[in-house]
Amino acid sequence: MLIFLCTMIISFMGSLQPGPLNMSIVQLSLHDNPKGALKMNVGGCIPEFVYSLLAAEGLVIFQYYPWLLTYLQWGVVPLLLILAYFTWVSKPQVHAEDLGKTPSKAHFWKGLILSIFNPQLLPFWMIVLINYQTFSWLKVQTYPHKIAFAVGASVGAFLLNYFYSQLALKYKDQIFAKIQQETVQKWMAYIFIIMAIAQGGKLLSEW
């Protein structure tokens, strides 16, 4: 239980920074589509569970397959640019009847893909596990410990994204009363482009 609670808090705090997943969830919430945002959140939590479990199992997969990490890191760049494009060109007004036309599974799979192409997840949870070893009450040794660790990681990320979603829903009217929805979408597109440039610049500097 201690491993679960500590990991959940760390995951919640670690997900605070804006990323493709939580920004996309916020966008859906601003479009008054809480069900779609929830499905995207669930899809995004699955890779969080998998990567944290891999870290707990001690599988240093990127050491054996370094090309996999490289592909994941570079894959983020076009993914962010694609998100920026569709955010920019999407219609500023989304009506309830139009929301029903989007396949329900599409939001789930989008969240899954956005989270899979996050190369920071596995290294992040490995660092957390290393720090856990300094505390006897947080050592991840048995299989139940590993499951508690992975579940805590995914639950923490889910709660943070859910919080973002509810915050966007609550203040949606206030936001659009002062700022046009088209302007908000352009801001989000700019954020995705900045993320892509930052990721590409970081990879080029390490090349």
- Note on the structure: Whole-number value, in Å³ per residue, for the convex hull of the alpha carbons of the stretch 114-165 is 92
- Item | Förster radius 25 Å - calculated FRET efficiency between Ile147 and Ile127 (Cβ-Cβ, nearest 0.05) | 0.80
- Task: Filter the cross-link list Lys35/Lys186; Lys35/Lys110; Lys35/Lys172; Lys105/Lys170 down to pairs whose alpha-carbon distance in this structure exceeds 19 Å.
- Result: Lys35/Lys186; Lys105/Lys170
- Leaving ligands, DNA and RNA out of it, rank Cys45, Cys6 by accessible area with a 1.4 Å probe, largest first. Cys6, Cys45
- With all protein chains in place and a 1.4 Å probe, Thr142 shows an accessible area in Å² (nearest 10) of 60
- Task: Sticking with the crude label model, points 7 Å out along Cα→Cβ, report the distance from Leu16 to Trp137 in nm, one decimal please.
- Result: 2.3
- Rounded to the nearest 10 Å², the 1.4 Å probe accessible area of Glu206 is 120
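The values are calculated or read from the model by the stated rules, or taken from the named source; none is laboratory data. What you see is a predicted model, and the numbers here were worked out from it, not measured in a lab. Positions of Cβ are generated from backbone atoms using ideal geometry, with glycine treated the same way; all protein chains shown enter the neighbour counts. The protein model used for the area step is the full one, side chains on, heavy atoms only, and it has no ligands, DNA or RNA in it. Shrake-Rupley method; radii C 1.70, N 1.55, O 1.52, S 1.80 Å.
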